[in-house]
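See below for the structure under consideration.
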Amino acid sequence: MSINSGKRILVTGGAGFIGSHLCEKLLEQGNDVICVDNMFTGQKRNIRHLMKNDYFEFLRKDIIENIYVECDQIYNLACPASPIHYQYDPIKTTKACFMGALNTLGLAKRCHARILQASTSEVYGDPEIHPQPESYRGCVNPIGIRSCYDEGKRIAETLVFDYHRQHKVDIKVVRIFNTYGPRMRPDDGRVVSNFIVQALRGQDITVYGDGTQTRSFCFVSDLVDGMIRMMNSRDGFTGPVNLGNPGEFTMLELAEMVIKLTGSHSKIIHMPLPEDDPAQRKPVIDLAKKELNWQPSIKLEDGLKETIKYFRETIDV
Ligand code: NAD
Ligand code: UDP
């Protein structure tokens, strides 16, 4: 497939989990890719194989500072995404969301570049309606421990739409639901990486709360395909558009699936449920189907097998 080949594309957060897969795909499609990352949660191993490519450039920079490059498209992904990482320095997280959006939008305005903002299902908070369509305005605690990220992403969406209305910046917004796959950090704290690493090491599988809370898990290649389709969607379609896999699983079901697929003897234990942990989450993806002709194709079991293979090859067990 070759859409938008030959463009100069900036990817912020490009050394992270999703960002590195995105950079790789954009290079495959014949683009020139500039990856900006401060390496807070990014890993050199994610982009080492791209460093040999003449069309790939890496800039170690913080998105809260101005960026001076020339580009045709911008994907703004720079932001820690796992609860333990975004809660480590919550003020910095809010700053990365707000300043990062402000700086990349300023750049988009100057370069007349199209910009795609990586938003999140967290803008729906702990949702009262299920599944969640884009029209749902969310139920977010503005003063809780998750709000640096949830509200940060919400104000980023606000800025993106105000730059569009006020300065005619060409914008695209995707709301990403839980995504998993190779290149997640083993110490990232998110549920898929935690369960797989625990299972491979024969450690207890830590289910928070009673494990009946649900999430919908999208494999990273499906997500990246959706993001690129959104970036190249018709003029005037701004989103926000949900990108996620509507298959919905409880955390207990996920734990059991990981135990089965790894052949582990690990036991499930229960730990306290973190504050403001959403009880359920599942995307309505009708808009993505209609506008982007997109829907995920990788079943959870198949995506988990790929991810387990990656962790087997990369972690000490
Ligand atoms: P990640 O932590 O692997 O990637 C984030 C990247 O951004 C890292 O490489 C990190 O070093 C970089 N970064 C963080 N702060 C920065 C700063 N101030 N300046 C420059 N770089 C900075 O997480 P990910 O899962 O790949 O998430 C990527 C994006 O997708 C994030 O914006 C996240 O909010 C969004 N998202 C991810 C998910 C998911 O399930 N993975 C769900 C919803 C939204
Ligand atoms: N979770 C869990 N055990 C873990 C890590 C997470 O049971 O070791 C739960 C967590 O409480 C949440 C779900 O898994 O209900 C997804 O958590 P994650 O941090 O992956 O993503 P988010 O909560 O941001 O959707």
Q: Out of the residues in segment 144-168 that are more than 18 Å from Lys92 (Cβ to Cβ) and open to solvent by 50 Å² or more (accessible area, probe 1.4 Å), state the one that is nearest to the chain's Cα centre (by Cα).
A: Thr158
**Q.** Of all residues making up segment 107-128, the number that are closer than 18 Å to Arg154 by Cα and away from ligand 2 (no atom under 16 Å from the Cβ)
**A.** 4
Q.
One residue is enough: does segment 40-48 have a residue meeting the conditions within 16 Å of ligand 2 (Cβ to nearest atom) and either free of Cβ contacts under 8 Å to residues at least 12 places away in the same chain or closer than 19 Å to Asp222 by Cα (or both)?
A. no
Q | Any pair with Cβ under 7 angstrom, 6 or more apart, that starts in segment 59-74 at a residue that is within 13 Å of Leu105 (Cα to Cα) and ends at one that is away from ligand 1 (no atom under 14 Å from the Cβ) and among the small types (Gly, Ala, Ser) | A | Cys71/Ala113; Asp72/Ala113; Gln73/Ala113; Ile74/Ala108; Ile74/Ala113
**Q.** Conditions (1) modelled with pLDDT of 95 or more; (2) open to solvent by less than 50 Å² (accessible area, probe 1.4 Å): number failed by Met51
**A.** (2)
Q) Limited to segment 264-275, what total is found for residues that are open to solvent by 60 Å² or more (accessible area, probe 1.4 Å), within 12 Å of ligand 2 (Cβ to nearest atom) and either assigned to a loop (DSSP other than H, G, I, E, B) or modelled with pLDDT under 95 (or both)? A) 3
Q: From (1) more than 12 Å from ligand 2 (Cβ to nearest atom); (2) outside any loop (DSSP other than H, G, I, E, B); (3) surrounded by fewer than 19 Cβ atoms within 10 Å (Cβ to Cβ), pick out the condition that doesn't hold for Gln295.
A: (2)
Q: Spot the failing condition for Gln280; the list is (1) within 10 Å of ligand 2 (Cβ to nearest atom); (2) closer than 22 Å to Tyr149 by Cα; (3) in a strand (DSSP E or B), and only one is missed.
A: (3)
Q) Among the residues of segment 227-236, is any under 23 Å from Glu122 (Cα atoms) and within 11 Å of ligand 2 (Cβ to nearest atom)? A) no
Q. Out of segment 100-142, which residues are assigned to a helix (DSSP H, G or I), open to solvent by less than 10 Å² (accessible area, probe 1.4 Å) and out of contact with any Phe, Trp or Tyr (no Cβ under 7 Å at 6 or more places or on another chain)?
A. Gly100, Ala101, Thr104, Leu107, Ala108, Val123
(Q) Suppose the filter is modelled with pLDDT of 95 or more, closer than 25 Å to Leu10 by Cβ and among the charged types (D, E, K, R); does Arg146 pass it? (A) no
(Q) Going through Ile74, Ile91 one at a time, which residue ends up being closer than 18 Å to Cys23 by Cβ and β-branched (Val, Ile, Thr)? (A) Ile74
Q. Of the conditions (1) part of a helix (DSSP H, G or I); (2) near ligand 1 (Cβ under 8 Å from one of its atoms); (3) open to solvent by 10 Å² or more (accessible area, probe 1.4 Å), Gly19 fails just one. Which one is it?
A. (3)
(Q) When the residues of segment 57-99 are narrowed to those that are of a type in the set (Ser, Thr, Tyr), open to solvent by 40 Å² or more (accessible area, probe 1.4 Å) and not in a helix (DSSP H, G or I), which ends up farthest from ligand 2 (Cβ to nearest atom)? (A) Tyr68
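The values are calculated or read from the model by the stated rules, or taken from the named source; none is laboratory data. Predicted, not measured: the structure shown is a model, and the values here were computed from it. Note that each Cβ is placed from the backbone with ideal geometry, even for glycine, and that neighbours are counted across all protein chains shown. When the accessible area is computed, the model is the full protein with side chains, heavy atoms only, and any ligands, DNA or RNA have been set aside. Shrake-Rupley method; radii C 1.70, N 1.55, O 1.52, S 1.80 Å.
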